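This report refers to the structure that appears directly beneath it.
Read-outs: derived from the displayed coordinates by stated rules, not from any lab. From a predicted model like this one, the values you see are computed outputs, not experimental measurements. Neighbour counts are summed over all protein chains in view; Cβ atoms, including those assigned to glycine, are modelled from backbone coordinates with ideal geometry.
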Amino acid sequence: MKRAQLIGLGVAATAGIMAFVMIKGMVGKPAVEKRVEVEVNSTEVLVARRDISLGEITNDGLFRWQTWPSDAVTKSFITRKSGTRVIAKLSGSIARAPILAGEPITKQKLVAAGQGGVLAAILPKGMRAISTKIQEETSAGRLILPNDHVDVILIRRQRTPQGKDEFISDTLFENVRVLAIGQQLQNKDTKKSSGGAAKTATLELTPRQSEHLALANSMGDITLALRSVSDLNRDGKGPTDGLSLNKKRSGSGVRVLRYGVSSRAYGVN
């Protein structure tokens, strides 16, 4: 082979190798990422570090600051603009409602230390908390739990002019919220039973209804009838009055024999 041909082959081979290297570099080169920074107007709000239970006494470790878009911050939120010692000021407060982890803290959900006990903190304005004795057979088999709603029924004995005993049932109040069963203010750990040890139920009533319940406790036995969850927020109203203890009533009844003596037990209309 002539010298000129060898030189030509060498130049062609060199050019081919260079072209291969260049093409490989272009194909394997990663795509250039373009980043566009958008400035978002944000602020830091106070949130719960973990779930806070109803009636729990708070401390510094239960709160943290979290960045939120300013457009989503309402007046009820607590922001860093409130001061650097806001967490220390809230320490010792009582949770008047359950707070989920990451949920913003508001002053409406906390009661400052020294402004009343746990029960007083969760009691709505103008309402009263009053307790009544319960047993398994008078509290739906002890399946009534805090925040359930019940009807309050009084079973009492009344003597007739003929000297006979009448047992009368009166529905005193309807749709009453149960604040506590014994010392339990909240249904924890998804329990379906109050544990069977509680002997009292604390109810949320108006001042006048509290007087009637106190009177009823001295007149006979109180029974709590559990209501459906669909009744919990009926028209946004609280407990309603049933039959007055000072009002005479008539209703259907059945005659029963007690020790061979005929008496009458009245039912509810």
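Backbone phi angles across segment 145-150, fed through the Karplus curve with coefficients 6.51, -1.76 and 1.60 (θ = phi - 60°), yield HN-Hα couplings of 10, x, 6, 6, 10, 9 Hz in residue order; Gly and Pro are listed as x. Taking the number of Cβ atoms within 10 Å of each Cβ as an exposure proxy, the fewest-first ranking of 123, 224 is 123, 224.
Structure note, pairs 125/199; 107/133; 89/109; 75/109; 81/107: Cα-Cα distances above 24 angstrom occur for 125/199; 107/133. Amide H to amide H distances under 5 Å link residue 182 with 199, 200, 201, 202, where only residues 5 or more positions off or on other chains count and H is placed in the peptide plane. Close amide H contacts of residue 93 (hydrogens built in the peptide plane, cut-off under 5 Å, sequence separation of 5 or more or a different chain): 58, 113. Rounded to the nearest 0.05, the FRET efficiency derived from the C-beta distance between residue 137 and residue 211 at R0 = 22 Å is 0.25. Here the spin labels are modelled as points 7 Å beyond Cα on the Cα-Cβ line, and at residue 68 and residue 103 they lie 1.3 nm apart.
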